[in-house]
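Participant: I'd like to ask some things about the structure below.
The values are calculated or read from the model by the stated rules, or taken from the named source; none is laboratory data. From a predicted model like this one, the values you see are computed outputs, not experimental measurements. Note that we place each Cβ from the backbone using ideal geometry, even for glycine, and neighbour counts take in every protein chain shown.
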Amino acid sequence: DGGITQSPKYLFRKEGQNVTLSCEQNLNHDAMYWYRQDPGQGLRLIYYSQIVNDFQKGDIAEGYSVSREKKESFPLTVTSAQKNPTAFYLCASSTDSGSYEQYFGPGTRLTVT
Amino acid sequence: DAKTTQPPSMDCAEGRAANLPCNHSTISGNEYVYWYRQIHSQGPQYIIHGLKNNETNEMASLIITEDRKSSTLILPHATLRDTAVYYCIVRAVSSGSARQLTFGSGTQLTVLP
């Protein structure tokens, strides 16, 4: 089945620890995205990447880092510098042509205490 | 990208058509209207998109007014599984550009048995 996988579904960490969220896609999409969602809110863009080895900051990049070493993978690291890391994190991918609709993974719910 | 306005919530009886409105009065000529939905605690799902013509697919129909300042998403026979938050998004699409999606608060559709 083609799609986007995120793991794990639930993640718990202590404050002050860095944590890396996984995102893999087998849709052969060039572009990938990370969004954050807080309870009752819409999605906000953290980072996006249009091509391997290139990425741009979104609206709320502070305290996060990403890498794009392979087309299929776009991991997100939530660093200890992120003041409010507890949230629902969503990864998406899209083609770089046509209608550009984005396909989303199931999300990772991160809780930091 | 143009701003969109949606009602915060709507109810619909199971088996009836659900009509979800969206205002986008500042839409530009090169901006498309996209609809996504998000079932609780899942990633958003692409539904449909259009530029100025009405569109239909297996999930829904999209009706865009002639002046393009508003649109309506129609789920022809709503089921309980259609209960979700529905997002209307306006976004310009250009060749070679992977653009982020700007999610507002959306409309919480509740399908009642």
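Participant: Which numbered condition in (1) free of Cβ contacts under 8 Å to residues at least 40 places away in the same chain; (2) closer than 30 Å to A:K57 by Cβ is the only one that B:S61 fails?
Facilitator: Tallying (1) free of Cβ contacts under 8 Å to residues at least 40 places away in the same chain; (2) closer than 30 Å to A:K57 by Cβ, B:S61 fails exactly one: (2).
Participant: For the range A:38-53, check the following and say yes or no: at least one residue is facing chain B (nearest Cβ under 10 Å), outside any strand (DSSP E or B) and either among the hydrophobic types (A, V, I, L, M, F, W, C) or surrounded by 15 or more Cβ atoms within 10 Å (Cβ to Cβ) (or both).
Facilitator: yes
Participant: Among the candidates B:E31, B:E66, which residue alone is charged (D, E, K, R), crowded, with 16+ Cβ neighbours inside 10 Å and away from chain A (no Cβ under 11 Å)? Quick ask: steps written out before the conclusion?
Facilitator: Working: B:E66 fails: crowded, with 16+ Cβ neighbours inside 10 Å.
Going through B:E31, B:E66 in turn, the sole match is B:E31.
Participant: Tally the residues that are of a type in the set (D, E) and either touching a Gly at 6+ places or on another chain (Cβ under 8 Å) or in contact (Cβ under 8 Å) with a residue 24 or more places away in the chain (or both), restricting the search to the range A:39-94.
Facilitator: Number satisfying all stated conditions: 1.
Participant: Go through (1) in contact with a Ser or Thr (Cβ under 8 Å, 6 or more places away or on another chain); (2) within 8 Å of chain B (Cβ to nearest Cβ); (3) closer than 17 Å to A:Q37 by Cβ one by one and return the number of the condition A:G58 breaks.
Facilitator: Answer for A:G58: the failing condition is (1).
Participant: Of all the residues that make up the range A:61-104, how many are touching an Asp or Glu at 6+ places or on another chain (Cβ under 9 Å) and within 14 Å of chain B (Cβ to nearest Cβ)?
Facilitator: So the count comes out to 11.
Participant: Answer yes or no as to whether A:L27 is farther than 25 Å from B:Y34 by Cα and either modelled with pLDDT under 90 or more than 12 Å from every other protein chain (Cβ to nearest Cβ) (or both).
Facilitator: So A:L27 fails the test.
Participant: Could I ask something else about it? Taking B:A78, is it in contact (Cβ under 8 Å) with a residue 40 or more places away in the chain, buried (at least 20 other Cβ atoms within 10 Å of the Cβ), under 25 Å from A:C23 (Cβ atoms) and away from chain A (no Cβ under 11 Å)?
Facilitator: no
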